[in-house]
Amino acid sequence: MKAVDVRAMTPDQLNDELAKLKKEQFNLRFQKATGQLEKTARVKEIRRDIARIKTITAEKSVGSKA
(Lines give C-alpha, C1' and ligand atoms only; values in the text may rest on other atoms or scores of the structure.)
Protein backbone atom coordinates (compact mmCIF):
# COMPACT_ATOMS: atom_id res chain seq x y z
CA MET A 1 0.00 0.00 0.00
CA LYS A 2 1.43 3.36 -1.02
CA ALA A 3 1.26 6.50 1.09
CA VAL A 4 -0.50 8.29 -1.77
CA ASP A 5 -3.30 5.73 -1.64
CA VAL A 6 -3.62 6.07 2.13
CA ARG A 7 -3.75 9.88 1.98
CA ALA A 8 -6.65 9.68 -0.47
CA MET A 9 -8.78 7.70 2.00
CA THR A 10 -11.34 9.22 4.34
CA PRO A 11 -10.95 8.81 8.12
CA ASP A 12 -13.64 6.10 8.15
CA GLN A 13 -11.88 4.18 5.39
CA LEU A 14 -8.60 4.49 7.28
CA ASN A 15 -10.17 3.04 10.43
CA ASP A 16 -11.69 0.16 8.46
CA GLU A 17 -8.39 -0.57 6.73
CA LEU A 18 -6.53 -0.42 10.04
CA ALA A 19 -8.92 -2.92 11.61
CA LYS A 20 -8.56 -5.23 8.60
CA LEU A 21 -4.76 -5.07 8.77
CA LYS A 22 -4.69 -5.73 12.50
CA LYS A 23 -6.90 -8.78 12.01
CA GLU A 24 -4.59 -10.03 9.27
CA GLN A 25 -1.57 -9.38 11.49
CA PHE A 26 -3.14 -11.50 14.23
CA ASN A 27 -3.82 -14.32 11.78
CA LEU A 28 -0.24 -14.19 10.50
CA ARG A 29 1.13 -14.36 14.04
CA PHE A 30 -1.11 -17.34 14.72
CA GLN A 31 0.12 -19.06 11.54
CA LYS A 32 3.73 -18.37 12.52
CA ALA A 33 3.19 -19.88 15.97
CA THR A 34 1.70 -23.04 14.49
CA GLY A 35 4.34 -23.30 11.77
CA GLN A 36 1.94 -22.75 8.87
CA LEU A 37 3.23 -19.34 7.72
CA GLU A 38 4.38 -19.41 4.08
CA LYS A 39 4.98 -15.75 3.22
CA THR A 40 7.16 -14.48 6.05
CA ALA A 41 7.71 -11.12 4.32
CA ARG A 42 3.99 -10.38 4.63
CA VAL A 43 4.41 -9.85 8.39
CA LYS A 44 6.80 -6.95 7.72
CA GLU A 45 4.53 -5.47 5.03
CA ILE A 46 1.51 -5.52 7.33
CA ARG A 47 3.45 -3.94 10.17
CA ARG A 48 4.63 -1.12 7.91
CA ASP A 49 1.15 -0.57 6.45
CA ILE A 50 -0.28 -0.26 9.97
CA ALA A 51 2.39 2.28 10.88
CA ARG A 52 1.76 4.18 7.64
CA ILE A 53 -1.97 4.40 8.32
CA LYS A 54 -1.46 5.50 11.93
CA THR A 55 1.01 8.19 10.86
CA ILE A 56 -1.24 9.63 8.18
CA THR A 57 -4.24 9.51 10.51
CA ALA A 58 -2.27 11.51 13.08
CA GLU A 59 -1.19 14.00 10.41
CA LYS A 60 -4.79 14.48 9.29
CA SER A 61 -6.04 14.97 12.85
CA VAL A 62 -3.35 17.58 13.57
CA GLY A 63 -4.07 19.29 10.26
CA SER A 64 -7.78 19.51 10.95
CA LYS A 65 -7.21 21.03 14.39
CA ALA A 66 -4.93 23.78 13.06
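The values are calculated or read from the model by the stated rules, or taken from the named source; none is laboratory data. Quantities reported herein were computed from a predicted structural model and do not represent experimental measurements. Every residue, glycine as well, gets a Cβ built from its backbone with ideal geometry; the counts of neighbours run over all protein chains shown. Each accessible area value is taken on the protein alone, full model and side chains, heavy atoms only, with ligands, DNA and RNA left out. Shrake-Rupley method; radii C 1.70, N 1.55, O 1.52, S 1.80 Å.
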| Dipole-positive endmost among 15, 62, 40 within the chain (Cβ charges, Cα centre) | 40
| What is the set of long-range amide H partners of residue 37 at a cut-off below 5 Å, with H atoms built 1.01 Å from backbone N? | 32
| note | Helix 11-34 sits off the longest principal axis of the Cα atoms of the chain, rounded to the nearest 10 on a 0 to 90 degree scale, by 20 degrees
| said: What do you get for GluC sites (Glu not before Pro) in the chain restricted to DSSP loop and a cutoff of at most 11 other Cβ within 10 Å of the site's Cβ? | reply: 38
| task | Just the number, please: carbon plus sulfur as a percent of the accessible area of the chain, 1.4 Å probe, no ligands or DNA/RNA counted. | result | 54 percent
| When the helix-only estimate is applied to the chain (DSSP H runs of n ≥ 4, each -39,500 (n - 2.57), divided by the residue count), what is the mean residue ellipticity at 222 nm, nearest 500 deg cm²/dmol? | -27500 deg cm²/dmol
| Charge dipole (debye, nearest 20) of the chain; +1 at Cβ of Lys and Arg, -1 at Cβ of Asp and Glu | 260 debye
| said: Leaving out ligands and nucleic acids, and using a 1.4 Å probe, what accessible area per residue does the chain come to in Å²? | reply: 78 Å²
| request: Give me the percent of Cα-Cα pairs in the chain that sit more than 19 Å apart, rounded to a whole number. | output: 37 percent
